[in-house]
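Okay, so here's the structure we're looking at.
The values are calculated or read from the model by the stated rules, or taken from the named source; none is laboratory data. Keep in mind that what you see is a predicted model, and the values were worked out from it rather than measured. Heads up, the Cβs are rebuilt from the backbone with ideal geometry, glycines too, and the neighbour counts pull from every protein chain shown. The protein model used for the area step is the full one, side chains on, heavy atoms only, and it has no ligands, DNA or RNA in it. Shrake-Rupley method; radii C 1.70, N 1.55, O 1.52, S 1.80 Å.
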Amino acid sequence: MTLNIPSFQLSSIGPALTLTVTAILILLLDALSPKGRKTYFPQLSLAGLALAAFQAIGLWGRTGTDFARMIYLDNFTFFFYLIFILGTALTVLLSRQYLEDYGKNMGEYYALLLFATVGMMLMAAGAHLIMIFLGLEIMSIAVYVLAGLFREDARSNEAALKYLILGSFASAFLLFGMAMLYGAAGGTLYLGDLAGRLAGATALQPLILLSIALLVVGFGFKVASVPFHMWTPDVYEGAPTSVTAFMAVGVKAAAFAAFARVFFLAFLAMKMDWNMLLWVLAVATMTVGNVTAIAQTNIKRMLAYSSIAHAGYLLVALVAANQLGAVSLLYYLLAYTLMNLGAFGVVILVGRKRDSYLNIYDYSGLGFQHPALAAAMALFMFALAGIPPTMGFVGKFYIFSAAVKAGYIWLAILGVLNSLVSVFYYLRITVLMYMKPAEADLGPVLFTPAQTAVVAVTAFGVLWFGIFPGFLYDLAVNATKIFPGL
Amino acid sequence: MQLPILSILIFFPVAGIVFLLFLNNENKRGLKIATMAISLAEFCFSLPLWFSFNGQTAAMQFVERRDWLPTYGISYYVGVDGFSLLLILLTTFLTPICVLATWEDIQHRVKEFMICLLALMSGMIGVFVSLDLFLFYVFWEVMLIPMYLLIGVWGNPARRVYAAIKFFLFTMFGSLLMLVAILVLYFHYGATTGTYTFDLLKMYGLNIPFHMQFWMFLAFGLAFAIKVPMFPFHTWLPDAHTEAPTVGSVILAAVLLKMGTYGFLRFNMPLFPQAAHYFVPLFSILALIGIIYGALVSMMQKDLKRLIAFSSVSHLGFVMLGLFTFTMPGVQGGIIQMINHGLSTGALFLIVGMIYERRHTRMIADFGGLSTPMPVYAAIFLIVSLSSIGLPGLNGFVGEFLILLGTFKTNKLYAILGATGVIFAACYMLWMFQRVMFGEVTNDKNRDLKDLSWREIAIFAPLILFIVWIGVYPSTFLDKTKATTENFLAMMEKAKETKVSLSQVFRGEAP
């Protein structure tokens with residue numbers, strides 16, 4: 001028997017390969033170099049990420065599949081590559097000083113971060129459900145470990161354990177769904193083939209619906225949608241803040257990439273069946289996230305619930321299931337990456353040594369003690385609340401226009417009302433910063449160059465692309481041409 | 001090439017903000033002088049609007065148009081017609097006065113205050129000149145933030161946060177529903193004409209089925225009715241007015257409330273004319289309730305600022321009553337009454353602010369006999385009060401008379417009820433004036449109050465000039481708006497003949 005190895009081009013997975021090599025290199029160097037001389041890992045990671053970004057831009061415009069039709073090469077994938085790389089790079093910049101305060105500035109942290117990014121890339125590129133699953137697991141396992149990075153801290157342990165157990169459970173659901181789909185589609189899991197096969201399998205309709213439901217559970221867990229969100233607040237609160245930021249933007253974006261690709265490519269013909277389900281999930285996610293966020297006094301927990309709510313807005317884009325919906329999903333994920341990482345950057349800066357200031361009341365009086373920092377935070381809060389002229393507003397505007405265009409006016413109304421609820425808790429931060437006297441002197445904030453740069457760059461991006469959204473909009477339109485049915 | 005006056009008006013204050021950022025925080029006087037210079041320059045920039053505005057045509061003037069997001073049909077599209085002209089001038093006219101009024105009042109965080117004031121100015125002008133729905137919405141929302149900060153940071157310590165958040169959430173609630181309606185309108189326009197655009201003027205001619213007009217009118221109307229504010233959405237107003245710093249109250253009353261009435265004129269009525277006719281009874285009755293209820297509640301207030309705040313509800317009720325008559329005098333009166341209210345209520349808030357600076361109280365019971373120590377103050381207060389009541393010869397009379405005239409033509413009962421509002425206005429204003437100014441000085445603290453300084457007199461001089469001017473010769477201003485109003489009325493007249501029942505609306509049937 002002969003084994004056929006299909007031809008492939010390594011450049012097709014260039015960015016993922018670069019990051020893998022960088023991660024392995026970091027692990028090796030970590031093991032080989034003497035103690036106390038391991039401060040160059042962030043720079044190395046950034047170099048790897050820059051190279052990967054360069055490769056991803058070089059790939060822009062390519063189409064087709066590679067590695068025996070296992071991965072897609074299209075602008076949708078590359079757009080997500082750039083989101084992941086951006087998110088990871090900003091996280092790396094945020095991490096160094098933060099981890100050093102904990103004495104945890106270790107090689108494996110950066111290696112795991114890069115491995116997780118590779119997993120995300122494979123999820124976005126996956127052309128076969130198993131590929132998506134592998135990507136999801138690569139990402140998840142790395143993030144499980146990252147969540148528990150602070151071994152001495154009980155809450156970090158709790159976060160890692162909770163995430164691991166519930167995450168495995170959700171992965172099992174996903175896998176189970178895929179298995180049923182495999183049966184229903186007559187033995188294929190290629191996304192490109194699924195739509196055609198499923199259309200023919202009318203007798204197996206119940207099986208297909210069940211598998212869709214199971215896939216929704218699996219993806220719903222990763223994007224933190226209600227009712228699969230129970231882990232989110234605890235994990236976000238317990239994990240190191242830099243990891244929380246990474247999870248909130250990267251994991252969510254990757255899960256949405258796969259979610260959108262699977263549902264828009266394979267299940268588009270059954271839109272009627274899953275639309276109602278996602279409609280309910282979207283409304284429940286937005287409402288629970290926003291209403292619960294009001295009651296939070298820990299800033300990380302508040303941002304955790306806000307990230308649940310944002311998953312709800314993004315689900316609205318999926319429900320709309322039109323081209324504009326796909327565009328708005330991409331734009332919003334990018335916007336969310338910038339504004340959320342910016343907000344977490346401020347949280348890290350204000351939290352200072354070993355997260356001493358994580359209560360929202362610690363922000364009292366910040367507005368006049370550190371005007372620039374507070375102005376940036378206010379900008380991120382207004383952006384998350386969706387108030388112009390920020391990316392957050394433009395993103396919400398796109399999402400709700402997609403919903404209205406698809407005829408879901410009620411969903412749009414519920415969405416905007418949810419934004420109103422969210423305004424309340426985002427405003428509270430600005431109220432504390434500007435309208436309350438400081439409870440105590442906040443003392444100096446250590447503005448390290450890397451962390452300050454993250455806040456400055458994200459603030460600038462949020463504002464600039466909020467006023468001139470045209471460039472990114474065109475890019476996103478270009479990236480979503482791959483969904484012919486939309 | 002024509003100078004892009006409107007862009008200058010919008011972005012000059014932004015440039016001013018950048019300039020202020022470079023000034024020293026501690027140099028309070030310098031900051032105030034700089035802001036004063038910026039706002040005066042802005043006022044000068046706005047004068048060409050008045051002088052080269054052609055009152056003979058209803059077309060948009062000083063139009064500027066640039067693509068912003070062409071794939072989405074969004075453009076930077078601004079222009080001025082008779083409706084917006086006076087409001088823009090009111091804004092640029094009042095801002096220097098406001099800066100002058102902060103001279104003694106605002107002593108901490110001066111720089112931030114001035115930045116908010118300039119940002120607010122930019123946003124307000126943006127709202128009045130936008131002819132693109134998206135652009136309008138952006139300005140409409142952006143402007144909330146500085147106002148929210150003005151109330152929340154510099155307001156009355158006790159309840160400022162409550163008032164600021166209430167203001168923000170109320171306004172946001174309405175405008176978010178308006179956003180959905182804008183999107184529905186956008187896609188409806190795209191579906192019927194094939195081109196997707198947010199261009200307001202193109203949408204004017206669109207024939208929208210009545211059941212859609214019905215809901216969209218309500219969605220837009222809610223946003224504007226909250227802003228006006230109409231009864232029963234007025235509850236944020238007394239809090240916001242009372243807790244805001246003097247200048248905040250002035251701008252809130254003089255300009256921000258006008259955005260609501262302007263919104264009805266510019267968006268609601270021309271976009272959804274059939275629904276506008278359909279809703280005349282509802283909105284007229286709400287306006288009447290506002291007039292009478294606002295006046296009655298004013299009468300019972302113990303706090304001067306709250307009294308004026310409720311009087312705003314009553315005055316804005318007149319404006320709405322006039323606009324919903326769709327008659328020449330009614331609409332013209334409504335427009336002039338917007339300006340009147342800006343001038344006289346703005347002046348009233350300044351007056352209260354000045355006595356508050358001296359006595360640190362606004363309770364009517366704490367005063368009495370102030371005319372003895374402060375004769376100039378008393379004279380100015382009296383003129384402004386009378387203008388607010390609507391004494392012939394002062395501006396309030398012109399507006400209210402025209403509105404009642406227009407209302408009388410369409411519905412006599414409304415006119416009679418509305419006229420009672422004028423009587424009540426006389427009651428609460430004069431009664432308040434009597435309690436504060438006349439009689440013996442009962443409270444010893446009031447005995448040695450200083451009369452107005454030259455700076456304070458300078459604040460009122462231009463206001464009183466216009467109060468008298470409009471009262472004596474309103475044609476100067478009415479002529480500018482006449483053509484636009486005629487065009488507006490012709491547009492509304494065309495849509496008059498529709499008889500629809502509510503059940504048809506809910507079943508989504510076209511009439």
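When 1/r is averaged over all different Cα pairs and the result inverted, which Kirkwood radius in Å belongs to the stretch B:362-498?
Result for the stretch B:362-498, one decimal place: 17.7 Å.
Considering chain B, what Rg and Dmax in Å follow from its alpha-carbon atoms?
Considering chain B through its Cα atoms, Rg and Dmax are 22.2, 74 Å.
Per q in 0.13 Å⁻¹, report the Debye log10 I(q)/I(0) for the stretch A:312-375, using one uniform scatterer on each alpha carbon and no solvent.
Those come out to -0.53, one per q.
Suppose every Lys and Arg Cβ carries +1 and every Asp and Glu Cβ carries -1, with no other charges. What dipole size does the stretch B:107-187 come out with about its Cα centre, to the nearest 20 debye?
400 debye
How high is the relative contact order of the stretch A:300-410, in percent, with contacts defined as C-alpha pairs under 8 Å that are six or more residues apart?
Relative contact order of the stretch A:300-410: 39 percent.
Using Cα pairs under 8 angstrom and six or more residues apart, how large is the relative contact order of the stretch A:164-299, in percent?
Computed over the stretch A:164-299, the figure is 28 percent.
For chain A, compute Rg over Rh where Rg is the Cα radius of gyration and Rh is the Kirkwood radius from the inverse mean 1/r over Cα pairs.
0.96
What percent of all Cα-Cα pairs in the stretch B:1-61 falls into each 5 Å bin, going from 0 up to the bin containing the maximum distance?
Per 5 Å bin, starting at 0, the Cα pair percentages come out as 4, 15, 22, 19, 13, 10, 7, 5, 3, 1, 0.
Could you tell me what a quarter of the Cα convex hull surface of the stretch B:152-234 works out to, in nm² with one decimal place?
That works out to 7.0 nm², a quarter of the Cα hull's surface.
Give the lysines reachable from A:Lys252 as a straight Cα distance under 30 Å; neighbours fewer than 8 places away on the same chain don't count.
Here the lysines satisfying the reach criterion relative to A:Lys252 are A:Lys104, A:Lys162, A:Lys222, A:Lys271, A:Lys300, A:Lys353, A:Lys396, A:Lys405, A:Lys481.
What whole-number volume per residue, in cubic angstrom, does the convex hull of the C-alpha atoms of the stretch A:98-162 give?
So the per-residue hull volume is 75 Å³.
Based only on Cα atoms, what Rg/Rh ratio does the stretch A:264-320 have, Rh being taken as Kirkwood's radius?
Taking Rg over the Kirkwood Rh, I get 1.14.
For a quick check: with amide H placed at 1.01 Å from N, whose amide H comes under 5 Å from A:Leu73's, ignoring anything fewer than 5 positions away on the same chain?
Answer set, sorted by chain and number: A:Gly64, A:Thr65, A:Asp66.
How many times 2.2 N^0.38 Å is the alpha carbon radius of gyration of the protein assembly as shown?
Expressed relative to 2.2 N^0.38 Å, the Cα Rg reads 1.01.
Roughly how many nanometres apart are two label points built 7 Å out from the Cα toward the Cβ at A:Asn157 and A:Ile130?
So the label points at A:Asn157 and A:Ile130 sit 3.9 nm apart.
Calculate, in nm to one decimal, what B:Asp105 and B:Lys450 gain on full extension: separation in residues at 0.36 nm each, minus their alpha carbon distance.
Result for the pair: 122.6 nm of gain on full extension.
What value does the stretch A:83-200 have for Rg/Rh, both radii from Cα atoms and Rh as Kirkwood defines it?
1.10
If the only charges are +1 at each Lys and Arg Cβ and -1 at each Asp and Glu Cβ, what is the size of the charge dipole of the stretch A:110-194 around the Cα centre, to the nearest 20 debye?
Charge dipole, the stretch A:110-194, about its Cα centre: 60 debye, nearest 20.
Per residue, how much accessible surface does the protein assembly as shown expose to a 1.4 Å probe? Answer in Å², no decimals.
Using a 1.4 Å probe on heavy atoms only, each residue of the protein assembly as shown averages 34 Å².
Give the residue from A:Tyr425, A:Leu379, A:Met339 lying farthest towards the positive end of the charge dipole for the stretch A:332-451; charges sit on Cβ (+1 for Lys and Arg, -1 for Asp and Glu) and the dipole is referred to the Cα centre.
A:Met339
What does the net charge come to around A:Glu237 if you take all other residues with beta carbon closer than 12 Å to its beta carbon, with K and R at +1 and D and E at -1?
0
For the charge dipole of chain A, defined by +1 on Lys and Arg C-beta atoms and -1 on Asp and Glu C-beta atoms about the Cα centroid, which residue among A:Ser33, A:Leu194, A:Tyr434 has the Cα displaced farthest towards the positive pole?
With unit charges placed on the Cβ atoms, the residue in question is A:Leu194.
Any of A:Lys436/B:Lys445; B:Lys28/B:Lys166; B:Lys166/B:Lys305; B:Lys302/B:Lys412 with alpha carbons more than 25 Å apart? Name them for me.
Violating the 25 Å limit, Cα to Cα: A:Lys436/B:Lys445; B:Lys28/B:Lys166; B:Lys302/B:Lys412.
Go ahead and run the numbers for FRET between A:Ala284 and A:Ser33, Cβ-Cβ distance against an R0 of 45 Å, rounding to 0.05.
E(calc), rounded to 0.05, equals 0.35.
Could you state how much accessible area B:Arg65 has, in square angstrom rounded to the nearest 10, with a 1.4 Å probe and all protein chains kept in place?
Counting only protein heavy atoms, B:Arg65 exposes about 110 Å² to solvent.
If you place +1 on the Cβ of every Lys and Arg and -1 on the Cβ of every Asp and Glu, how big does the dipole about the Cα centre of the stretch A:279-421 come out, in debye to the nearest 20?
180 debye
Leaving ligands, DNA and RNA out of it, work out the accessible area of B:Phe170 with a 1.4 Å probe and give it in Å² to the nearest 10.
Here the accessible area works out near 60 Å².
Let me check I've understood the local charge: for B:Phe22, count other residues with C-beta under 15 angstrom from its C-beta, Lys and Arg +1, Asp and Glu -1. What total comes out?
Net local charge, B:Phe22 excluded: -1.
Working from the pairwise distances between different alpha carbons, so that the mean of 1/r is found and then inverted, what is the stretch B:392-458's Kirkwood radius in Å?
About 15.2 Å, per the Kirkwood formula over Cα pairs.
What per residue convex hull volume, in Å³, comes out for the stretch A:333-486 when only alpha-carbon positions are used?
In the stretch A:333-486, the Cα hull volume divided by residue count equals 123 Å³.
Would you be so kind as to list the residues of the stretch B:132-157 that have their accessible area lowered by at least 10 Å² in the full protein complex compared with their chain by itself (1.4 Å probe)?
Residues passing the criterion (a loss of at least 10 Å², heavy atoms only) are B:Phe134, B:Tyr137, B:Val138, B:Glu141, B:Val142, B:Ile145, B:Tyr148, B:Leu149, B:Gly152, B:Val153.
May I ask for the Kirkwood hydrodynamic radius of the stretch A:1-125, worked out over all distinct Cα pairs and given in angstroms to one decimal?
Evaluated on the stretch A:1-125, it is 15.4 Å.
Using alpha-carbon pairs under 8 Å, 6+ residues apart, how would you state the relative contact order of chain A in percent?
Here the relative contact order equals 15 percent.
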